[in-house]
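Read through the structure below, which is laid out as structure tokens, and then see the notes.
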Amino acid sequence: MYLYGLQKYFCFKKQNFEIVQPDNIKDFLLECKQKNTSAQSRNLFLNAIKFYYRDVVKNNQKIDIQSAKKPKSLPIVLSRIEIEKILETTKNTKHKILLSLSYGAGLRVSEVVALKVKDIDLAELTIHIKQAKGQKDRMSILPEKLVADLKNLCSGKNHDDFIFASERGGNLTTRSAQKIFENSLKKSGIQKNATFHSLRHSFATHLLENGVDIRYVQELLGHQNIRTTQQYTHVTNPKLKNIKSPLS
């Protein structure tokens, strides 16, 4: 991606590649914006240019250009009724447990497919998520409702076996899990532009609606910064929901 960004920049600059020209860099980024290049990509291009001058050309001239602000959008959250609909339309038992556990424990798709038998404690109702995002372990809650199903699913498996094994061996791929969700969402008739990650968003939102302290939600999700968890307070605000429109 850095090479791609630099190639675009060099095509724009055309000459004097080793000379730092901040206004020229600004013009390049402005042109990218006008061509509807995302803020994330423009920031990546800027970082690539800074890296090139600092580490390749060895030019320490300061490039004082601020990163583009990424547009803030609220997470797509499914209601409790919508979650039920999605699970009801999932007829395959293993697939239903996969989606139920992801929602009920707030797991990322990469985390749920990587779960092994030894990672769940059915007696203590806990899940040990190992080497999650940021290479950190964390604990989450295991829904009591899934204990019997998980016992059946794990029956005959060794501690090191994957809970959601693939028919080809190993574990399910993240893409396979995402496809399971997409199929169930389509069958449910729900029109929201939801993804597998919406199950995790819904977990966090519904916990906050239940009155769970945001610091506990942060810990269950494995967020390093409380501000990441606070995005869900914008989705669930009982006081706002109780306000009635003046249009009567």
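Tabulated results
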| item | result |
| --- | --- |
| Failed item in (1) part of a loop (DSSP other than H, G, I, E, B); (2) in contact with a Lys or Arg (Cβ under 7 Å, 6 or more places away or on another chain), with R200 passing the rest | (1) |
| Single match in I65, I81 (criterion: under 27 Å from the mean Cα position of the chain (by Cα), among the β-branched types (V, I, T) and surrounded by fewer than 18 Cβ atoms within 10 Å (Cβ to Cβ)) | I81 |
| Options S110, S155: the member that is without any contact (Cβ under 8 Å) to a residue 24 or more places away in the chain and in the same structural domain as Q224 (by TED's automatic domain parsing) | S155 |
| From H201, H197, H206, H223, residue being in the same structural domain as I86 (by TED's automatic domain parsing) and over 22 Å from T89 (Cα atoms) | H223 |
| Long-range neighbours under 6 Å by Cβ, at least six apart or interchain, first residue under 12 Å from V109 (Cβ atoms) within segment 170-193, second not hydrophobic (A, V, I, L, M, F, W, C) | L172/S166; T174/S110; I180/H95 |
| Qualifying residues in segment 222-248 (those that are surrounded by fewer than 10 Cβ atoms within 10 Å (Cβ to Cβ) and within 18 Å of V212 (Cα to Cα)) - the one modelled with the highest pLDDT | N225 |
| Breaking point among (1) crowded, with 16+ Cβ neighbours inside 10 Å; (2) modelled with pLDDT under 95, for T90 | (2) |
| Verdict on Y103 being more than 24 Å from the chain's Cα centre (by Cα) and of a type in the set (F, W, Y) | no |
| Among the candidates L247, L150, L208, L185, residue that is over 19 Å from the mean Cα position of the chain (by Cα) and assigned to a helix (DSSP H, G or I) | L150 |
| Among the residues listed as A132, A39, A48, A68, the single one being over 22 Å from N152 (Cα atoms), touching a residue at least 40 places away in the same chain (Cβ under 8 Å), among the aliphatic types (A, V, I, L, M) and not assigned by TED's automatic domain parsing to the domain that holds L221 | A48 |
| Hits in segment 1-35 - residues which are at pLDDT 90 or above and among the acidic types (D, E) | D23, D27, E31 |
| Among the residues listed as L29, L3, the single one being surrounded by fewer than 16 Cβ atoms within 10 Å (Cβ to Cβ) and free of Cβ contacts under 8 Å to residues at least 60 places away in the same chain | L3 |
| Yes/no for K118 being in a loop (DSSP other than H, G, I, E, B) and either touching a residue at least 12 places away in the same chain (Cβ under 8 Å) or loosely packed, with under 14 Cβ neighbours inside 10 Å (or both) | no |
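The values are calculated or read from the model by the stated rules, or taken from the named source; none is laboratory data. Values in this document were obtained by computation on a predicted structure and should not be read as measured data. Please note: Cβ atoms are built from the backbone with ideal geometry, for glycine as well, and neighbour counts cover all protein chains shown.
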